[in-house]
1. From the list B:Met53, B:Met124, B:Met63, which one is within 13 Å of chain A (Cβ to nearest Cβ) and at pLDDT 80 or above?
2. In the stretch A:332-358, which residues are basic (Lys, Arg) and modelled with pLDDT of 80 or more?
3. So, in the stretch A:276-296, exactly how many residues are at pLDDT below 90 and not hydrophobic (A, V, I, L, M, F, W, C)?
4. Determine whether B:Lys125 is of a type outside the set (Asp, Glu) and closer than 18 Å to B:Val16 by Cβ.
5. What are the residues in the stretch A:252-263 that are out of contact with any strand residue (DSSP E or B) (no Cβ under 8 Å at 6 or more places or on another chain) and modelled with pLDDT of 90 or more, if any?
6. Condition first: within 11 Å of another protein chain (Cβ to nearest Cβ), more than 12 Å from the chain's Cα centre (by Cα), surrounded by fewer than 17 Cβ atoms within 10 Å (Cβ to Cβ) and not β-branched (Val, Ile, Thr). Can you find one or more residues in the stretch B:71-85 that meet it?
7. Within the stretch B:31-46, identify whether any single residue is within 11 Å of chain A (Cβ to nearest Cβ) and on the phi > 0 side of the Ramachandran plot, and answer yes or no.
8. Given the criteria among the basic types (Lys, Arg), touching a Lys or Arg at 6+ places or on another chain (Cβ under 8 Å) and either part of a loop (DSSP other than H, G, I, E, B) or closer than 23 Å to A:Ala159 by Cβ (or both), does B:Lys68 qualify?
Amino acid sequence: MTNKAKILIVDDNVDTVELLTKRFHAEGYDTSEAYDGEQALQQVVEYQPDIILLDIMMPKIDGYEVSKRLKSYDNTKHIPIIMLSAKARVPDKIKGLDLGADDYIVKPFDYRELSQRVKYWVTVKVEVEERLTKIRQLEKELIQSERLAAVGQTVASLAHYVKNILFGLKGGVYLVDEAFKENDTDSLKDGWDLVESNMGRISGLVLDLLEYSRERKPEYEKCFPNEIADDVCKLTQESAKEYSIEIIKDFDPSMGEAVMDPKGIHRCLLNLVSNAIDACIYDSNEEKKWVVRVKTILEDDGMVRFEVSDNGCGMDEETKKKLFTGFFTTKEGRGTGLGLLNTQKIAQEHGGTITVNSQLGQGSTFTIRMPYRDVATSGATGKED
Amino acid sequence: MKKVLIVDDDVDIRKVVSKLIEKSGYQAMEAKNGVEGMGKVREDKPDLIILDMLMPKESGIRMYHELKTEESLKDIPVIVLSAIPKKSFLRSQKVLDEFAGQSVPEPEAYIEKPEEPEELIALMKKILG
C-alpha cells in the first residue's frame, strides 16, 4: 500500500505541481493535482487521496480554509495534510497547524525531506485506517452476537429476547407480591397486566419459532386468490376500525381460479396487513387519514402480485436494512421480529419474492410475487406434490 | 422529589422499571431510545439514569459515551440495565475510548437482565440515598 499511495498535490504554481508529480511518480506513488482550493476540495472527493500536499496562498479558497474544511468532515478528517508554503514565520506555521494541517514545510524545501515526511504520514494514515476498520468490525460483532442473527445461527439473539421477557415477568410478579403485602389493588392490576403481556409474548415467540423452523412444502390446491385476500381483509377489519384505519380492497377482476397454496398465501397476507395496521397505529401524525390498501394483480408473465400498502409511519434506512433479520422489531418489544422473516420464507418456498418500498413518515408498500398456475392448464385434480 | 430516567425501547421494561422507581419514592421519566433520552436529560436533568444498550435509533452504547463526555452531564450516575453481558459492554466502551482519545469511566452499576427487581431497587436507594 505504501508505495502505491495516492498523493493529491495542490498548488497554483504549475511548475511546482509538475516537478512534484514527476518526482513522486519516480518513487512509485500515484498522484493527482489541483490548482486552487475549490478544485482541491472536489479532488479529495473524487480521487480519495491518502495524503494531501497543500499550498497556502491560492486563488478562490486558500489552503487554510481547505484544511479547516477537510478536518471538519468525518470522512476526510483522517487524511493527513502537509502544508507547503513560503510563509516561514512561526505564527504562520502555528495558524496552519491550528487549522488542522498535520505538518508544515517551508518553501523552498529539500525534496528528500518532503519525501520522508510523505512516507511517514502515509504510514500513519494506514494505521489509523486499520484501527477504524477494527472499530467498525467490533461494533458489528457486538450487534450481531447479541441481536441480529437468525435462529439456528446463534442462540444468543433468542436468549437476549427471552431475557427481556423474563425481566418483564419478574417485575410483574414483584408488583403482585408487593400488592398482596400492602393490600394495594391498583398495583395488583399493574403487576398482573405485565405478567399477562409477557406471557403473550412467549406464546407469540413459540408460534413464530415453530413456523420458522418447520420445513414446509407448499400445499397446492385450487383456490381463488382474490377470495383469500378478501378473507384477510375481513379478519383485520375489526382491529383497523378501532384505530380509524380504512382497509381498501383493490382486486384484479381478471384473476380467476388458480392452483396455489391458499394457507401460505393467507399467512403472508395476514402478516403484511397486520404490519400495515401497526404502521398506522405507530404513526405519530394524527392529522392523517390512515388507509391500508390490499391490491391483487394478475401479471402478463404468469405471476400474481399481492400489494399491501399503508400511509403510516414508514421506515428509515436503518430499519429497512434490518427488515428481514430475525429478532429485529420496531414494535417496542411487542413483536418477535420473525413475522416478516416467515412471510419471506413462505413466499420463497412458492418460488416467489417479496420486496419493500418505504418512505419515513409517508408509508410502506410490501409486494409479493408468486407464480400463478391457471386451473385449466395445471391438470384436473389441481393437486401436486 | 428525585427524578430517575429509564431509557429502554421495550415498552414492558419501561413500565416495570417506572413502577419500581415510583415504589422506591422517586419520580419516573421515560425515553425509548438514545435520541429521546438525551433530549429528556438536557431538558429535565434527572438524578439517575437507567440505560438499556441495544435500542433502535441511538443505542445506549453511544448515549453513555455522550453523557460521560459532556461536562454538565457527566456526574449524573448511570445504571446500565441490559441483556448484554457486562464483558461485551466494557469491550465496546474501550474501543470507543480508544477512538475518541479519551477515557470514559465505568457506569455506577451494571445489571444484566433478568436480574431480580429487588436488586435494582436496592441499587437506586444506595446511589440516591
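1. Testing whether each residue is within 13 Å of chain A (Cβ to nearest Cβ) and at pLDDT 80 or above leaves just B:Met53.
2. A:Lys345
3. Here the count works out to 8.
4. yes
5. If the condition is that a residue be out of contact with any strand residue (DSSP E or B) (no Cβ under 8 Å at 6 or more places or on another chain) and modelled with pLDDT of 90 or more, then A:Pro253 is the only one that fits.
6. Yes, the conditions are met somewhere in the stretch B:71-85.
7. Scanning the stretch B:31-46 turns up no residue that is within 11 Å of chain A (Cβ to nearest Cβ) and on the phi > 0 side of the Ramachandran plot.
8. Spelling it out, it is not the case that B:Lys68 is among the basic types (Lys, Arg), touching a Lys or Arg at 6+ places or on another chain (Cβ under 8 Å) and either part of a loop (DSSP other than H, G, I, E, B) or closer than 23 Å to A:Ala159 by Cβ (or both).
The values are calculated or read from the model by the stated rules, or taken from the named source; none is laboratory data. Please read all numbers here as calculations on a predicted model, not as lab measurements. Note that each Cβ is placed from the backbone with ideal geometry, even for glycine, and that neighbours are counted across all protein chains shown.
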